[in-house]
1. For segment 275-352 and segment 122-160, what is the centre-to-centre distance using only Cα atoms, to the nearest Å?
2. Order of 333, 132 from fewest to most other C-beta atoms within 10 Å?
3. Once the mean 1/r over all distinct Cα pairs of segment 147-296 is inverted, what Kirkwood radius in angstroms do you read off?
4. With a 10 Å Cβ neighbour count serving as the proxy for reagent exposure, in which order, fewest first, do 269, 127, 322 appear?
5. Given 0.36 nm per residue, what is the gain on full extension from residue 281 to residue 297 after removing their alpha carbon distance, in nm?
6. Once the Cβ-Cβ distance between residue 304 and residue 238 is put in as r, and R0 is 35 Å, what FRET efficiency do you end up with, to the nearest 0.05?
7. For the pair residue 8 and residue 155, how long in nm is the line joining their label points, each one 7 Å along Cα→Cβ?
8. Would you kindly state how much longer the chain becomes between residue 132 and residue 42 on full extension, computed as 0.36 nm times their sequence separation minus their alpha carbon distance, in nm to one decimal?
Amino acid sequence: MRAVRISQNQTDPTTRFSAENPAPPSALVLDSNIPVPQITHSDELLIRVRASTVTRDELKWPETYLDIAIPGHDFSGTIVAVSPGYDSLDTDGKRGFNPGDEVYGMTLATGKGSTWAEYAVVRSQEVSLKPKRFDWAQSATVPMSALTAWQALFEKAGILPPDFKDKSRNKVSQEGQSKGKILITGASGAIGTFLVQLAALAGLHVVAASTSNERNREFLLSLGASEAFEYGELEGMHGEYDVIIDTVGGTTLERCWSVVKEDGILVGVDTSSYDFVEKHRQQSFATGKDQVKAIFFIVEPSGAQLEQIAEALDLELLKVFVAQTLPMEEASKAYELANERSPRRGKIVLTI
């Protein structure tokens with residue numbers, strides 16, 4: 001099969017690329033001789049991948065360099081085969097998956113599960129039937145970003161999720177029955193746009209922060225934000241927010257300590273923030289915030305959550321954004337675009 005993999009280090013062949021020595025975008029090459037991955041466990045599915053996404057900084061992740069170095073975690077595609085031991089009815093008696101099903105998902109697997117490839121083997125728990133309203137590219141942009149937003153809000157922050165099967169409740173949520181005040185940083189980004197929309201659907205008073213109000217304010221309000229402002233406006237605010245979810249890291253995350261309530265919740269999701277809880281609690285800007293519940297987490301695959309998200313997408317309660325679509329032959333260019341500051345909204349998609 002064809003797949004995009006990381007080539008050997010041409011500058012110094014004796015040194016392997018790794019998270020500590022990341023490959024440059026130019027090391028991404030299209031290889032036509034990668035073996036089709038094989039199903040080896042009873043809960044696995046073989047997917048013909050149709051689209052995947054490009055995630056900023058993925059060439060700096062340790063898991064990128066395990067097994068055959070093929071990037072990619074998001075996907076949309078068609079089930080080609082299921083394990084001989086796979087039961088098409090799950091433990092609750094609901095319909096399972098069958099060859100021909102159009103699905104989408106996110107996998108943490110590497111090697112045979114990497115998705116910048118024509119075929120990938122994934123676990124059945126990582127996938128859901130894809131939204132009916134969306135094409136392959138649109139569907140592929142959803143899993144990692146939407147799952148990060150979902151888990152930050154409804155697992156880590158403990159907010160009650162909307163029930164998308166209950167139309168009356170959705171209507172109440174959309175009318176903004178306030179259950180607290182939330183600040184979302186990086187609100188115009190791939191994760192931020194889902195955070196804003198899901199938080200608004202959950203009935204929260206959503207305050208969206210970004211780098212530019214001129215460019216982003218009307219856009220963020222259209223997604224359900226009640227207010228929008230720039231990061232600099234955090235200065236002078238004190239203890240206003242029940243929940244803050246930061247997707248930016250760095251000094252923006254540091255500023256969040258001054259505006260979270262003393263018993264509030266502060267969630268960081270940017271990879272650069274992996275050790276912020278211990279480091280920040282030793283700094284003066286976190287003084288007096290001992291009761292703040294501070295959390296960093298890494299998103300986990302969840303087909304069950306993607307099923308609920310697909311329901312919301314098909315009900316037109318959530319919007320998705322595709323920044324640009326490129327063929328897998330242009331993976332190097334796609335990765336460079338994903339790491340640039342750009343006015344484009346949404347994720348870069350690779351068509352497979």
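1. 11
2. Numbers: 333 16, 132 10.
Listing 333, 132 from fewest to most nearby Cβ atoms yields 132, 333.
3. 15.2
4. Taking fewest neighbouring Cβ atoms as first place, the list is 322, 269, 127.
5. So the extension gain works out to 4.1 nm.
6. On the way: r = 39 Å, r/R0 = 1.11.
In this case the efficiency is close to 0.35.
7. Distance between the two pseudo-spin positions: 4.0 nm.
8. Extending this stretch completely gives an extra 29.7 nm.
Coordinate-derived values only; no laboratory data. Fair warning: this is a prediction, and the values are worked out from it, not measured in the lab. Cβ sites come from the backbone with ideal geometry, for glycine too, and all protein chains shown count toward neighbours.
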